[in-house]
1. Using the number of other C-beta atoms within 10 angstrom as an exposure proxy, rank 119, 162 with the fewest first.
2. Would you kindly work out the equivalent ellipsoid of the range 44-166 from its C-alpha gyration tensor and give its semi-axes, the square roots of five times the eigenvalues, largest first in whole Å?
3. Taking the number of other C-beta atoms within 10 Å as the exposure measure, put 140, 90 in order starting with the fewest.
4. Gain in length, residue 118 to residue 10, computed as 0.36 nm per residue apart minus the alpha-carbon separation, to one decimal in nm?
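Please treat every number below as a calculation from the coordinates, not as lab data. Source: prediction; values computed, not measured. Please note: Cβ atoms are built from the backbone with ideal geometry, for glycine as well, and neighbour counts cover all protein chains shown.
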Amino acid sequence: MELQQKANKAQKSINFFIRLVIPILGVFFLVKYGIGSRTWHFVDSTSMEFILIPCLLILLCTGYWRDFLKAFVYIIKRENCTAEMIRDSSNALKLVCRSSLIWGSIGFTISMVNLLRYHMLDSEFASPTLWGDIAVALVSLFYALVINAVLVPLYFELNRLHRKKTK
């Protein structure tokens, strides 16, 4: 009977994970390839990878990757989680928020330095491509802000839930 309950619990976890991951991947697919719209103008995969890969590596190296994934579960399913589990998930969200801002700022700085270097070598500094190049430089900072706009409300909700659990 216990084995059946464990198997059912594992199956529910897998089903929940699939229900969470498939919509997220669908949104990324729509944004990346811009099916039927012009959203592809806002996608620079190099800048996106410049932020997401270090965030993923930081989560893996610190061991917070499970806690990061569980944060989404705790937001939806509030039972069966202790205050310590919620605190660890909250710390994982904070880690991703901070590292995305750091890497987004680094990407923006590198892009701006290269942009200014390139345009300073140009005889006409205010060339027509300058504004487009500035927009591309801002994309990495934009991605970091979008990541934070999604994760910061979750972080505060987890903190609120943590305060409830500790009382």
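1. Fewest-to-most ranking of 119, 162: 119, 162.
2. Numbers: eigenvalues 302, 32, 17 Å².
Computed over the range 44-166, the values are 39, 13, 9 Å.
3. Least to most surrounded, the residues fall as 90, 140.
4. Gain on extension, residue 118 to residue 10, equals 33.4 nm.
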